[in-house]
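Only the coordinates and a few stated rules stand behind these numbers; no lab work does. Everything numeric in this text was worked out from a predicted model, so none of it was measured. In this analysis, Cβ positions are derived from the backbone assuming ideal geometry, glycine residues included, and neighbour counts consider all displayed protein chains.
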Amino acid sequence: MSNICTIAWVHGVVQGVGFRYSTQREALKLGLTGYARNMDDGSVEVVACGEAGQVEAMVLWLKAGGPRSARVDNVLTEPHQPGREYVNFSIRY
């Protein structure tokens, strides 16, 4: 399979509830690279790179609501062409 990257913006109650950490744990479980970071508008931005099936599994996990402490109202995604390769899945501040 080919490697792809997707960028997602997750809206709802997703800051202050451990969302980035749960996303990192899920990404590592799926073997993905990229990052999760809080945005100024209250959303979380997630870049997920890896095999297409694993990236899709991450997007489905995000749309399903992520961790139980979060409430996801909307997930917007689009293909992403990173300017560099990611070596792991990090939490950005």
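Below are the figures for this structure:
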read-out	value
Size of electric dipole in the chain: Cβ of Lys, Arg +1 and of Asp, Glu -1, about Cα centre, debye, nearest 20	340 debye
Share of alpha-carbon pairs per 5 Å distance bin for the chain, given as whole %	3, 16, 29, 28, 17, 6, 1, 0
Farthest toward positive dipole pole in the chain [+1 Lys/Arg, -1 Asp/Glu at C-beta], among TYR93, TRP9, GLY53	TYR93
Estimated D of the stretch 2-48 in µm² per second, where Rh is the Kirkwood radius over Cα pairs and Stokes-Einstein applies at 37 °C, 0.692 mPa s	299 µm²/s
Highest to lowest packing among 69-77, 11-19, 44-52, scored as the average C-beta count within 10 Å	44-52, 11-19, 69-77
Farthest toward positive dipole pole in the chain [+1 Lys/Arg, -1 Asp/Glu at C-beta], among TYR21, ASN38, ALA64	TYR21
